[in-house]
Amino acid sequence: MADGPSAADLALLDPDGTFVLRLAEDRITLARLAGEIGAMEPGGGRPDCLAAIELVAHRLAGAAGTFGHAAVSSAALDLEDQVIALRKGADNRPAVASGLAVLVGALDRALGSDQSD
Amino acid sequence: MANSAAVADSAEGAAFGDGFALAAAQARILVVEDDRDVAGLVGRELRALGLTVDVIGFAEDALLAARDTDYALMVVDLGLPDRDGLDLVREMRKRAIATPILMMTARSKVEDKVSGLASGADDYLVKPFAVPELRARVTALLRRPSPLKDSRLTVANIVVDRDALEAVVDGASVPLTRKQFQLLELLARRKNHMTPKRMIEEALYGYNDEVSGNAIEAHVYKLRQTLRAAGAEAEVETRRGIGYRLVERHRAVAHG
């Protein structure tokens, strides 16, 4: 299965390229949030930071695959599940950090570049 | 999933048959989705099917639109910013809005699907979705007669038979013109709810039809006269500047 849509698919699914721009913006947001969550104390996690990660992940999970970026959707859905578990009290902050890294990597591949920090 | 979806041809008339193309020409769809990109894609694909599409991002706006517009189908996202999509569907059903609803959500768990269907949705589409699946589900729902939509509407002693295109009062057929019947059917479907004049114009006339300034008033006047003469126990109430509604006579208030 291809990681991303073909050029022909993209021409129809995202004719003016606005979705790719959104992916780039979400990538920047998630990288910033990854920095914030990384700086938190173990076991902690600011609710607003976690809520922001969950929101971006939720929206990407629903939208990216529809625009042909299945790997981004899949990584976003995994991350969303991990953040929900953390917000409910699970001790899985490393899994959230790892999920963030996986999603940022998937976004980099979708954007055709490797900008991993 | 590479969504080769959109690469499929856009000759939807051929793909779904002439019957669908004919029905689609009159169908108006409401898409309730706050994700601008997904809403844009869904809107674009449904318009390519020949449907008229309204896109709304908030549940409360969707409720108002569903109340005022005769949609053939609603596509509703589960996660809306102001209200849960399930809540929205439940509220619509509570208000007797019978329009078929296709729910969209990023979740694919069985319990999510069951909740969606139990709340009153007719079908379920898991995001991310392939565009051909969206088209196929929309087409199937538009073809399906909704169990909530009875072909016979009853208001007091008036029965509007939408299959026979006939109105009956106390068992006797009432002579109505086509426009009068369409008007009565619309008002009966929205019994007790105000129906704006603009909505009546849209239901009775095509976009390219010339509509004289007082055409609706004239149809309402004639319909009111005919119903009274037939002994109907419901009448068309006018609210100046707002619209019309069909109410049982004991509830009716004379407004002119």
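The values are calculated or read from the model by the stated rules, or taken from the named source; none is laboratory data. Because the structure is a prediction, the values reported are computed rather than measured. Virtual Cβ from ideal backbone geometry, glycine too; neighbours counted across all protein chains shown.
Odds and ends about this structure:
- Scanning segment B:172-208 for residues that are among the basic types (K, R) and either surrounded by fewer than 18 Cβ atoms within 10 Å (Cβ to Cβ) or in a loop (DSSP other than H, G, I, E, B) (or both) yields B:R178, B:R190, B:K191, B:K197, B:R198.
- The residues of segment A:34-54 that are surrounded by 14 or more Cβ atoms within 10 Å (Cβ to Cβ) and at pLDDT below 90, listed by number, are A:A34, A:E36, A:I37, A:M40, A:G45, A:C49, A:L50.
- Residues located in segment B:100-111, provided they are modelled with pLDDT under 80 and over 18 Å from A:A63 (Cα atoms): B:V110, B:E111
- Condition met for B:A229 (surrounded by fewer than 19 Cβ atoms within 10 Å (Cβ to Cβ) and either assigned to a loop (DSSP other than H, G, I, E, B) or on the phi < 0 side of the Ramachandran plot (or both)): yes
- B:S212 passes every criterion in (1) surrounded by fewer than 17 Cβ atoms within 10 Å (Cβ to Cβ); (2) under 23 Å from the mean Cα position of the chain (by Cα); (3) not in a helix (DSSP H, G or I) apart from (2).
- Selection of segment B:40-49 for residues being more than 9 Å from chain A (Cβ to nearest Cβ), more than 19 Å from the chain's Cα centre (by Cα) and either buried (at least 18 other Cβ atoms within 10 Å of the Cβ) or in a strand (DSSP E or B) (or both) yields only B:E45.
- Selection status of B:A5, buried (at least 21 other Cβ atoms within 10 Å of the Cβ), at pLDDT below 90, within 14 Å of chain A (Cβ to nearest Cβ) and over 24 Å from B:L153 (Cβ atoms): yes
- Checklist (1) at the interface with chain B (Cβ under 8 Å from one of its Cβ atoms); (2) closer than 17 Å to A:E25 by Cβ applied to A:G68, failing item: (2)
Rundown of residues vs (1) modelled with pLDDT under 90; (2) crowded, with 18+ Cβ neighbours inside 10 Å; (3) not β-branched (V, I, T), yes/no style:
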| site | (1), (2), (3) |
| --- | --- |
| A:V56 | no, yes, no |
| A:E80 | no, yes, yes |
| A:L86 | yes, yes, yes |
| A:G112 | yes, no, yes |
| A:D117 | yes, no, yes |
